[in-house]
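Worksheet: one structure, shown below.
We did not get these values from a lab; they are worked out from the coordinates using the rules stated. Just so you know, these numbers come straight off a predicted model, no measurement behind them. Here the Cβ is made from the backbone with ideal geometry for all residues, glycine too, and neighbour counts use every protein chain on show.
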Amino acid sequence: DGGIAAGCTRLGILFEEGRGVDADPARARLLYQRACAASEADACMRLGDLYRTGTGTHEQHAAAKTNYKAACELGKDDGCQMLALYEQKDPDGSTAEKCDKGDKFACAFLP
């Protein structure tokens with residue numbers, strides 16, 4: 001990828017945090033998606049965080065778990081830790097599914 005994925009991650013951080021640009025977490029999410037698809041572990045981790053917290057999108061715990069798994073498989077220890085939390089708190093994914101459909105009670109049980 002010639003470093004393009006890492007560049008997308010760095011640019012995503014600027015938009016996520018509003019450093020030197022107006023904060024735009026939705027744009028950061030798009031940049032992280034592109035970088036994660038190119039196997040950039042940090043982007044997958046950050047994308048998982050955005051989905052988990054609903055920053056720049058609505059909470060999507062199934063997507064968060066998927067991205068944490070990708071980060072873990074790419075060697076990111078934090079991704080493995082978050083994946084383990086999801087596996088422990090929601091082994092079959094049903095709680096995340098309920099949360100993603102708007103069940104706030106279910107959301108309270110997720111990381």
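A few notes on this one:
- When the pairs K76/K98; K76/K101; K69/K98 are compared against a 25 Å limit on Cα-Cα distance, K76/K98; K76/K101 fall above it.
- Its relative contact order, with pairs defined as Cα atoms under 8 Å and 6+ residues apart, puts the chain at 18 percent.
- When the chain is reduced to its Cα atoms, the Kirkwood hydrodynamic radius in Å: 13.9
- Cα-projected label distance for F109 with L74, points at 7 Å along beta-carbon direction, nm: 3.1
- Between Q81 and E97, the modelled labels are 3.0 nm apart [label points 7 Å from Cα along Cα→Cβ].
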